[in-house]
1. For the chain, modelled as a Gaussian network with Cα springs under 10 Å, which listed residue fluctuates most, Val66, Val25, Val36?
2. Among Leu68, Ile81, Trp105, which residue has its Cα positioned farthest towards the positive end of the charge dipole of the chain, with +1 placed on the Cβ of Lys and Arg, -1 on the Cβ of Asp and Glu, and the dipole taken about the Cα centre?
3. Using +1 on the beta carbon of Lys and Arg, -1 on that of Asp and Glu, and nothing else charged, what's the dipole of the chain about the Cα centre, debye to 20?
4. Enter the accessible area of Glu86 (Å², nearest 10), with the probe set to 1.4 Å and all protein chains included.
5. If you project the alpha carbons of the chain onto the principal axes, what extent comes out on each, in Å, largest first?
6. Normalising by the residue count of the chain, find the relative contact order in percent from Cα pairs under 8 Å and 6+ residues apart.
7. Carbon and sulfur atoms: what percent of the 1.4 Å accessible area of the chain do they account for?
8. Pull up all non-local amide H partners of Phe5: gap of 5 or more, or a different chain, and H-to-H distance under 5 Å with H placed in the peptide plane.
Amino acid sequence: MKIVFCKWFPFKGYKAITVLKWIIVRKDAKVAFTSVDYNHECIHYEQEKELLYIGFYLLYVLEFIVKLLYYRKWHKAYRSISFEREAYTNQYNTAYTVKRNKFAWRLYLKQRTNERY
């Protein structure tokens, strides 16, 4: 995957975003972007591929809206999205993308969020 640095995207408060085969890293987060962050974004790339990219973005936004309406807190809604939960849970496991089952993010849909934000 190619890493691209950008001054204004992703929005403040976020380090990076995966778009197709590119990881776009916010320029002011360049120093803070670690191998763990890279692995997190690689997990998102696997999710994107199995949902044919557009399906990933549609489900991601839809789930975020539902969670935002439920929690009424931006950060809690973001962290409780099934795609993010899978990525955050496994970002320290560098072998995860190799051993990962397809559509593994679905397991995180069924689980309730017990984390506090």
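The values are calculated or read from the model by the stated rules, or taken from the named source; none is laboratory data. Since this is a predicted model, take the numbers as computed values, not measurements. Here the Cβ is made from the backbone with ideal geometry for all residues, glycine too, and neighbour counts use every protein chain on show. Keep in mind that these areas ignore ligands, DNA and RNA; they rest on the heavy atoms of the full protein, side chains included. Shrake-Rupley method; radii C 1.70, N 1.55, O 1.52, S 1.80 Å.
1. The residue that fluctuates most here is Val66.
2. Going by the charge dipole, the pick is Leu68.
3. Dipole of the chain, to the nearest 20 debye: 280 debye.
4. Only protein atoms counted, so the area is about 0 Å².
5. Principal axes ranked by extent give 33, 32, 26 Å for the Cα atoms.
6. The value is 21 percent.
7. C and S atoms contribute 62 percent here.
8. The answer is Val25.
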